[in-house]
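This report refers to the structure that appears directly beneath it.
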Amino acid sequence: MGFLESISPDWLEQQYALWKRSPEQLSEQWRAFFEGFELGSAEGTESGGPAVSVEEVRKQAAVQSLIHRYREIGHLLACTDPLSPCKLDHPLLSLAAVGLDQGDLDKTFHVQGFLKESATLKEILGVLRSTYCGSIGVEFSHINDPEARQWLIDRMEPTLNRGTFTPEERSGILWKLKEAALFERTLQKKFPGQTRFSLEGGDVLVPLLAQVLRHAATLGVTDIVIGMPHRGRLNVLASIFNIPYQNIFADFADNFQHGVVGEGDVKYHKGASSVLNLPGGKVHLTLAPNPSHLEAIDPVVEGKCRARQDRIGAGADQRVMPVLIHGDAAFAGQGVVAETLNLSQLAGYRTGGTFHIVLNNQVGFTTTSAEARSTLYATDPAKMIQAPIFHVYGDDPEAVLHAGMLAASYRDRFRVDVVVEVICYRRLGHNEGDEPFFTQPLMYQSIKLRPYLHTLYETELVRDGFPPEDLQAIEAGVAECLSHSAESGPLPVQPLPHATWSEIHAGYTAAPVQTAVDAETLKGLAERAAKLPEGFHPHPKVQALLEKRRDAIVKGEGIDWGGAESLAYATLLDEGTSVRISGQDVRRGTFSHRHAAIIDQETGEPFYPLDGLASAKATFRAYDSMLAEFSVMGFDYGYSMEAPETLTIWEAQYGDFANGAQVIIDQFICCGETKWERMSGLVLFLPHGYEGQGAEHSSARIERFLNLAACDNMQLVYPTSPAQLFHMLRRQMKQPFRKPLIVFTPKSLLRHPRCVASIEQLSTGSFQPVIADSQERSAVDSVLICTGKVYYDLLERRERDGIEGTALVRIEQLYPFPEQQLAEALKGYPDATRFRWVQEEPYNMGAWKFMRSKLARILGGEPRYVGRAEAASPASGSHRQDRAEQDRLVAEAFLKH
């Protein structure tokens, strides 16, 4: 590392000659080095410039190396930890390490591009230490872009550690610090023992956020979405979002009639919205609600921001900015952080850079930093995307705010993520009832003796000439405001209007929705979707598939799953509804059935047939995601929260891949409306079906979703025909409400000769929650009730063996359970005496346990179960065994005893 720490005179001569002859062949560093002066030699200089000895050149190179080292690793000497003494030296930053000594301190060296053109080594060291080893340590040498590195250098040297704040601004910082501290003190006094996840020790977060919002407004930001854990959330709601203190106090008093921003969750998980009138302009501010899965909110916030940006259009990434606040242990430890960082520059998921604040308490619950991570810094995951990282001394408010403004400006300039790590401490335990001395006695002895930050800052202001009585008036003003609020009742809070949700109603209704589309319209869209650009070179098999689908629609029969899906999107786009589908390999489709993007075989360029079918206000977007489920599903969930006018779909490669995003399903999809009054129309495509492919590619875990189903929170659908898929997708956007839609999609049925639709089925009717046989019903003595793919196995066996007197009834919508429709269908078999539930999943999986009591209620007795035996794994890894099990259960379903 460094700038050529050991060089020979001969080598210097060679480099100099090369610089004179072909300077473009030298590195940027060496060109800058030689530009300042000419290299001397025994014979004099070629250009007649001043003769310089090789030793002087070596010293100059050593100074350049020292400057480079401070820029690269000066953060190792930065004084950023309030609980530890500052480091005074580092062997790699010593004079001896680069071949200099104390006698060189008063010598003048060439320093082009640094402070001025020449300076003494003492001056250079002073600037380097004040810039890189003060209250802010900066990591930026991992950034590959020379322009970005130079941009930072130009703005950091030599005054990084102290911005210029006016007396009014410094008074404002003190107000925010006192406000944060006194708010926590009031909560402790008024509600002793109640958990609030205090911000104390990290109080500087409040003025930092306030300053970043103000600075962002001057840069053109008009919309900010914040995601954060529970620590400090109440303080942020009060001090940043201006939620009335009395409303928060009412929440602590369990005053249920005064909901602040939703019901059903603890107060430190709630979100909020506000509009702030800042000097730089008006900013719409949103705090996303978040469960105790601390970093789960990260991709959700990104998705919300991307939806807002897509709605705005060009330049929106300047106007909409995501802000994520993290704890140190969570940022280093939770994998979704790295996943979300990896999304930051991907075409379907980028949001123009996220402003990250890592509030480093130096302990996670009771776990020390040494036990919580293998990296030097908690923020090291951010290096994977070359984000600049500012480590700041948390008890120096002005340094923290200055770093925040510099980071926001960098984000504005380069549209990439930035990280500000505030190194502070947690004054209390993990929560207000926790005793931290049990596990960190030495740390908490230091914390106990440390003055509060607002006291430290007030002392600094007095030292700088601020009248003490003026500063005392600030505390009196904050105390009076809190005291008045504590004695007052809660204020009514009007939720901000959300225009995109104005036409959406709350509450589920089972009323049929008109989803049919005129046959001529369908044929016209099919013709247009099959038309390729002039000179385009598709793969022959893909071209044949497109033509086959077009012909099926024109002919009016034989429409397969992929054709019906494409038609559903085409009709929605034609009507002005946008479509977004993302996930691993969604453009082609895991099973090569979709081909939403067709790749030119000679140029590699993609063509999206559905693009040309969209009306002026609609768009079609299909994104192959990175290989992750947690973050991508979370992103699409966040997108759906902001875009009820868009059909938003996340597809798993196989249904069981949703396991990797179970936190999003459990904490957001199934209960977000109940906990936080936040609706979502996200669609999950989960391929499901037993085809002998082993445990990992058979089950989408229907039973898990049914266990989570309650209070009409989701729609769980297992459609068995392309027509059902067509009407279901259109229904999702035509119904007057939004609920998550979980679709158990097929694999083998994608090309099953009997799993097809006619154009009449698409141009008439609607989605049917229950489908019963239309055969002669009076002769039926056995009814097999099933859902999904097993229907085709039963149908084929019945026809192959000529079995009579047995009807098949399909339940296409598992939840909300269509009890009335099923009861009506079963009444149509008045002579039936045998009722059986048939499934291909094991006894303890699938829909059986959910259906058991419901079928018993309708039938007046429990039906017989037919399916696989109870199992620990979803399916056998043996294809032969799987087929034997499938054949056995199908045969058992038709037994007459």
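The values are calculated or read from the model by the stated rules, or taken from the named source; none is laboratory data. Just so we're clear, the structure is a prediction, and the values are computed from it rather than from any experiment. We place every Cβ from the backbone using ideal geometry, glycine too, and count neighbours over all the protein chains shown.
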Meets criteria (of a type in the set (Gly, Ala, Ser) and free of Cβ contacts under 8 Å to residues at least 24 places away in the same chain) for Gly612: no
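Let's see how each residue does on (1) out of contact with any Pro (no Cβ under 6 Å at 6 or more places or on another chain); (2) within 16 Å of Leu784 (Cβ to Cβ); (3) surrounded by 14 or more Cβ atoms within 10 Å (Cβ to Cβ); (4) basic (Lys, Arg):
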| position | (1), (2), (3), (4) |
| --- | --- |
| Met851 | yes, yes, yes, no |
| Ser873 | yes, no, no, no |
| Arg883 | yes, no, yes, yes |
| Gln886 | yes, yes, yes, no |
| His897 | yes, yes, no, no |
Pairs with Cβ under 6 Å, 6+ apart, first in the range 53-80 and closer than 25 Å to Ile389 by Cα, second basic (Lys, Arg): Leu77/Lys87
Whichever residue in the range 102-155 is in a strand (DSSP E or B) and free of Cβ contacts under 8 Å to residues at least 40 places away in the same chain and, among such residues, is nearest to Val420 (Cα to Cα): Lys116
Among the residues listed as Asp636, Asp656, the single one being buried (at least 21 other Cβ atoms within 10 Å of the Cβ), part of a helix (DSSP H, G or I), among the charged types (D, E, K, R) and touching a residue at least 60 places away in the same chain (Cβ under 8 Å): Asp636
Inter-residue pairs, beta-carbon under 6 Å, first of a type in the set (S, T, N, Q) and in the range 471-485, second part of a helix (DSSP H, G or I), 6+ apart: Ser485/Tyr245; Ser485/Gln246
Lone qualifier among Ala564, Ala568, Ala661 - being crowded, with 18+ Cβ neighbours inside 10 Å, of a type in the set (A, V, I, L, M) and in contact with an Asp or Glu (Cβ under 8 Å, 6 or more places away or on another chain): Ala661
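In the set Lys523, Lys548, Lys541, which member is more than 27 Å from Arg306 (Cα to Cα), surrounded by fewer than 21 Cβ atoms within 10 Å (Cβ to Cβ) and touching a residue at least 40 places away in the same chain (Cβ under 8 Å)?
Lys523
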Unique match (being at pLDDT 90 or above and in contact with a Gly (Cβ under 7 Å, 6 or more places away or on another chain)) among Ala516, Ala511: Ala516
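Give the residues of the range 813-834 that are within 26 Å of Thr745 (Cα to Cα), buried (at least 16 other Cβ atoms within 10 Å of the Cβ) and not polar (S, T, N, Q), sorted by residue number.
Leu814, Tyr815, Pro816, Phe817, Pro818, Leu822, Ala825, Leu826 - these are the residues of the range 813-834 that are within 26 Å of Thr745 (Cα to Cα), buried (at least 16 other Cβ atoms within 10 Å of the Cβ) and not polar (S, T, N, Q).
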Residue tally, condition more than 16 Å from Gly788 (Cβ to Cβ) and small (Gly, Ala, Ser), over the range 693-702: 2
Residue within the range 598-612 that is surrounded by 18 or more Cβ atoms within 10 Å (Cβ to Cβ) and charged (D, E, K, R) present: no
Within the range 529-553, tally of residues that are within 36 Å of the chain's Cα centre (by Cα) and part of a helix (DSSP H, G or I): 4
Tally of residues being touching a residue at least 12 places away in the same chain (Cβ under 8 Å) and assigned to a loop (DSSP other than H, G, I, E, B) across the range 755-810: 23
Qualifying positions in the range 620-639 - more than 19 Å from Ile226 (Cβ to Cβ) and of a type in the set (Gly, Ala, Ser): Ala622, Ser625, Ala628
Selected residue [outside the structural domain of Asp887 (by TED's automatic domain parsing), β-branched (Val, Ile, Thr) and in contact with a Gly (Cβ under 8 Å, 6 or more places away or on another chain)] from Val717, Val756: Val756
Test: residue in the range 202-219 that is modelled with pLDDT under 95, in the same structural domain as Ser409 (by TED's automatic domain parsing) and in contact with an Asp or Glu (Cβ under 8 Å, 6 or more places away or on another chain): no
